[in-house]
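Notes follow once the structure below has been shown.
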Amino acid sequence: MLYRVKEKLPQKIDCSLLVATSDALLLCQDTKLSMISRRMPKSWTMPAPIRYVKVTTIYFEEVLLLGLLNGQIWQVEPYNGASKMVLQTPASVRCLDVSASRARLAVVDEASVCRMYNLSNGELLFTEENISSVSWNSWCDELISLSGGGLLSIKAGPFPPATQPLVGSVVGFQGGRVFCLQSNMMQTINVPLSHAVHQYIQQKLFNEAYAVACLGVTALDWERLGVAALEELSFEVARKAFQRGENVVFLNLIDHLQERFEAGEKRAVILGEVLAYRGRYADAARSFRSAGRDERALNLYIDLRMFNKAQEYVGEGEGLAALARRRAEWARHVNEPRAAAEMYLAAGDVKRAAQLMAETGRRDMLIELARKLDKGSSESLRHVAEALVQAGEPATAADVYQRLGDYTKVAQLAVAAGEWSRAFTLVKEHPECKRDVYLPYAHRMAQENKFVDAQKAYHMAGETSTAMRVFSILVGNAVTEERFSDAGYLHHLLATQYLDSAAAVNTDKEQDASLRAYMHNERLARIYHAYDAVHRCVNEPFSLSQPDSLLNAARYVLALIDGVPPNGVSMFCLYLCLAKQARMVNANTLARQMLDKILGLQIPQKFQETVELLILKSRASPIESRDDEVAPLCWRCRRHAPPLCAVRCPHCKHVLAHSLATHEVLPLVQFEPAEGITYEEAMDLVERTPIPEISNKEDTGGAEVLRIEHDPDSSDPFLDKVDEEDEVGVVVCSRGALLQLNPGSVVIVTRPPLRPLMYRNMLPELPATACQHCRNLFYLEDLEIQLVTKGHCPFCRHPVEETKADEDDTEDSLFNDSTSTPASPGTDRNSWR
């Protein structure tokens with residue numbers, strides 16, 4: 001720090017005091033005050049010797065405060081030359097200073113007494129003894145520093161000063177620093193202001209405390225100020241104090257409490273929150289109670305796990321139960337699950353108790369609880385059952401649900417455990433569980449790539465749209481991959497489902513729609529089933545089927561096709577198969593007809609040579625033909641139909657019955673009871689043995705002979721001449737005709753809700769039967785061969801084991817098995833064709 005000469009005075013100056021202002025020097029000599037300046041020099045004469053000069057500012061102008069020997073205090077304005085006495089003190093002035101606001105004046109006299117005056121009215125505020133020098137804080141109007149007797153005192157307002165040792169005199173006080181003059185040295189001392197802050201805090205003068213604290217205090221002092229201001233709800237001071245310490249927790253608390261206080265929350269409640277944050281829980285609880293908010297005090301003690309004290313703030317009934325639940329939650333939090341579960345049960349909260357037992361694996365407690373609860377506590381039992389499932393005790397949970405009568409849950413548990421047999425048994429007893437069982441089963445079958453079983457399960461579950469979507473995909477894939485037998489089987493499954501739906505619906509409109517869908521899918525099933533053999537015959541090099549069987553199958557498919565053939569069915573394959581097989585059985589006329597039809601189609605390249613060769617052979621064959629041998633025989637009118645007629649006899653309109661194993665016409669004639677005869681009565685008449693008539697007794701050689709004769713008037717309607725105008729093609733049997741029927745030659749086909757179909761086997765030596773599952777007709781011999789070789793029905797693929805089980809379960813009746821009398825040994829079926 002360097003000094004340089006600014007100006008020299010060319011005169012010798014004698015003075016007792018030398019004071020510098022902003023642009024002048026002041027010389028004091030006894031009672032005279034002179035100002036040396038470039039401007040006009042000035043001088044003032046005081047009534048007594050000048051003992052002390054203080055340069056300060058009032059209203060932004062420099063003024064001089066002069067302390068005289070007679071105790072007067074004068075104010076001099078050096079620039080305008082004005083002077084006046086402002087105060088009279090009782091003793092000679094040694095030192096003086098004015099506060100930063102220019103409102104108070106401190107004067108030290110020769111008796112080392114410091115007096116504090118109010119400049120506006122000259123009132124003596126207080127006095128301090130043993131003081132040699134004084135200085136106001138230039139930043140804070142409330143602080144003043146005093147020195148004397150080897151001590152430095154810092155005084156805040158009217159409060160007692162704080163002292164510390166000091167050698168020298170104080171000449172300045174700025175912020176937290178005191179400037180002291182020791183001999184000819186100036187020393188700066190940092191003084192603590194914490195005591196002043198605490199004094200203001202004790203008197204709840206928070207604004208003054210904050211003003212002092214801004215001069216420099218420790219972080220702990222800021223926190224004490226903030227907490228004290230917050231306890232008195234002085235939010236602004238508290239916020240400023242905590243901002244100094246960057247205490248985010250308390251800052252958030254202040255914002256929250258201030259919003260609530262401004263919204264109308266009671267002061268006692270806000271104070272209780274503050275006290276709770278301060279850890280003064282008893283005071284906080286009392287504050288809450290004084291505001292009528294016992295629930296806040298209760299929550300406070302519960303959060304502190306002080307349940308005994310919390311009972312003082314809880315009432316009877318629900319309050320005690322809630323406290324018990326909170327106590328149980330605390331026990332759960334401290335890893336005491338058994339005690340927590342018992343507390344929940346004591347509070348009547350079975351749901352949480354059961355959940356806790358399940359989470360901690362207390363299976364024994366859950367089982368014991370399930371046994372203790374009676375059926376009347378249905379809600380509690382449900383909670384226990386759910387907990388048992390979560391704990392891995394599905395069997396016990398199922399027993400609980402069964403006690404409640406909730407069989408849907410029992411079914412769901414059986415499904416979850418994979419006990420499908422038990423689930424299906426439950427569905428039979430309780431149909432309302434059908435969806436809960438079959439829908440998961442369908443999903444599982446789909447995951448295992450058992451799509452047929454999945455489609456059945458979707459249908460049983462009532463998911464018709466999903467079942468149809470699966471069916472469409474399966475049929476499309478089967479036709480695309482030329483698995484026509486599978487396509488027929490799938491259509492048969494869908495037809496069966498529609499038939500079951502028709503039996504279950506209540507309205508005639510829905511039943512008619514289901515029956516139409518059944519007829520359509522049953523026809524497609526028969527077409528694809530028969531076409532599979534035709535397709536393999538044409539596209540594979542070898543075929544194990546007999547020529548007549550292939551011819552029957554192709555003819556049967558052609559008869560069933562109405563208009564456009566189904567997807568995947570080729571008319572070319574049908575005509576080619578018929579032509580080949582007709583050639584093999586010497587039905588040359590039929591073969592030529594089929595070849596002519598083939599010429600009207602677009603022949604695939606790979607069959608071009610085969611067709612041309614077949615045409616050459618056909619034209620080179622003899623003219624005579626054996627077409628009559630392949631023509632189907634109608635067993636009602638006993639006339640041959642045209643070779644391609646395979647559905648209905650053109651003469652008597654009788655519907656021909658086919659064996660779905662070889663597709664040949666069965667020797668069956670359909671009949672129905674006459675009008676007025678119910679189905680049950682007709683069955684009773686067929687099963688009843690006719691009563692023989694007794695002729696007149698005649699003695700022949702001494703022996704009595706009994707002759708049994710029939711009424712010559714009675715006739716067999718199956719042997720009567722057929723009425724050409726009959727459009728139904730069904731034989732109508734009276735009661736007498738039904739009595740004459742042999743039960744062993746009757747075949748009944750029942751497909752509820754359709755009417756039963758009754759057939760009479762015109763060749764009892766060749767027994768016919770119907771599959772127990774799909775109710776389609778077969779020669780008994782053909783069906784047994786298929787069951788032995790393939791293990792299932794050739795059409796519906798029902799396993800032979802299940803078929804036998806079904807037969808064992810049916811009633812012991814002649815017509816339940818839909819089978820005619822077995823053929824006698826040695827009977828040759830080919831001789832009757």
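According to the square roots a ≥ b ≥ c of the eigenvalues of the Cα gyration tensor, what is the shape class of segment 1-65, taking rounded for a/c under 1.5, prolate for a/b larger than b/c otherwise, and oblate for the remainder? Verdict is oblate for segment 1-65.
Beyond 23 Å in Cα-Cα separation lie the following of the pairs Lys375/Lys434; Lys32/Lys54; Lys450/Lys509: Lys375/Lys434; Lys450/Lys509. Over the residues of the chain, the helix contribution to mean residue ellipticity at 222 nm works out to -13500 deg cm²/dmol, using -39500 (n - 2.57) for each DSSP H run of at least 4.
DSSP bridge analysis restricted to the chain gives an antiparallel fraction near 95%, rounded to the nearest 5.
Overall shape: oblate for segment 101-155, with the ratio a/c of the largest to smallest alpha carbon gyration tensor axis at 1.5 or above and b/c at least equal to a/b.
A straight Cα-to-Cα reach below 25 Å connects Lys580 with the lysines Lys597, Lys606, Lys617, residues fewer than 8 places away in its own chain not being considered. Measuring nothing but how far apart in sequence close Cα pairs (under 8 Å, 6+ apart) lie, relative to its length, the chain scores a relative contact order of 3 percent.
Within a straight-line Cα-Cα reach of under 22 Å, Lys653 can be paired with the following lysines, leaving aside sequence neighbours fewer than 8 residues apart in one chain: Lys721. With contacts taken as Cα pairs under 8 Å and at least 6 residues apart, segment 413-523 reaches a relative contact order of 15 percent. Only protein heavy atoms count here; under a 1.4 Å probe, Thr89 has an accessible surface of about 10 Å². Report, in degrees rounded to the nearest 10, the 0 to 90 angle that the Cα long axis of helix 235-245 makes with the longest principal axis of the chain. Its long axis makes an angle of about 90 degrees.
Residues within the reach of a label modelled at Arg444 (point 7 angstrom out along Cα to beta-carbon, backbone nitrogen below 13 Å), restricted to segment 381-422, are 411-422. Counting only residues at least eight positions apart within a chain, or on another chain, the lysines with an alpha carbon under 20 Å from that of Lys8 are Lys42. Beyond 23 Å between alpha-carbons counts as too far, so tell me which of Lys155/Lys204; Lys351/Lys372; Lys12/Lys84 fall in that bin. Where the Cα-Cα span goes over 23 Å, the pairs concerned are Lys12/Lys84. Here the chain is treated with +1 on each Lys and Arg Cβ and -1 on each Asp and Glu Cβ, and its dipole about the Cα centre works out to around 6420 debye. Highest-first packing order for the peptide set 478-484, 91-97 is 91-97, 478-484, based on the mean count of other beta carbon atoms within 10 Å. For segment 24-181, rounded, prolate or oblate, judged on the Cα gyration tensor with a ≥ b ≥ c (square roots of eigenvalues), a/c < 1.5 rounded, else prolate if a/b > b/c? Prolate, since a/c reaches 1.5 and a/b exceeds b/c. Residue by residue, segment 750-759 carries 3J(HN,Hα) couplings of 10, 9, x, x, 6, 5, x, 9, 10, 10 Hz when phi is fed to the Karplus relation 6.51 cos²θ - 1.76 cosθ + 1.60 (θ = phi - 60°); x denotes Gly or Pro. Take every pair of alpha-carbon atoms less than 8 Å apart whose residues are at least six positions apart; their mean separation over the length of segment 32-74 yields a relative contact order of 28 percent.
The values are calculated or read from the model by the stated rules, or taken from the named source; none is laboratory data. Keep in mind it's a predicted model, so treat the numbers as computed, not measured. When we count neighbours, we look across all protein chains shown, and the Cβ atoms used for this are built from the backbone with ideal geometry, even at glycine. When the accessible area is computed, the model is the full protein with side chains, heavy atoms only, and any ligands, DNA or RNA have been set aside. Shrake-Rupley method; radii C 1.70, N 1.55, O 1.52, S 1.80 Å.
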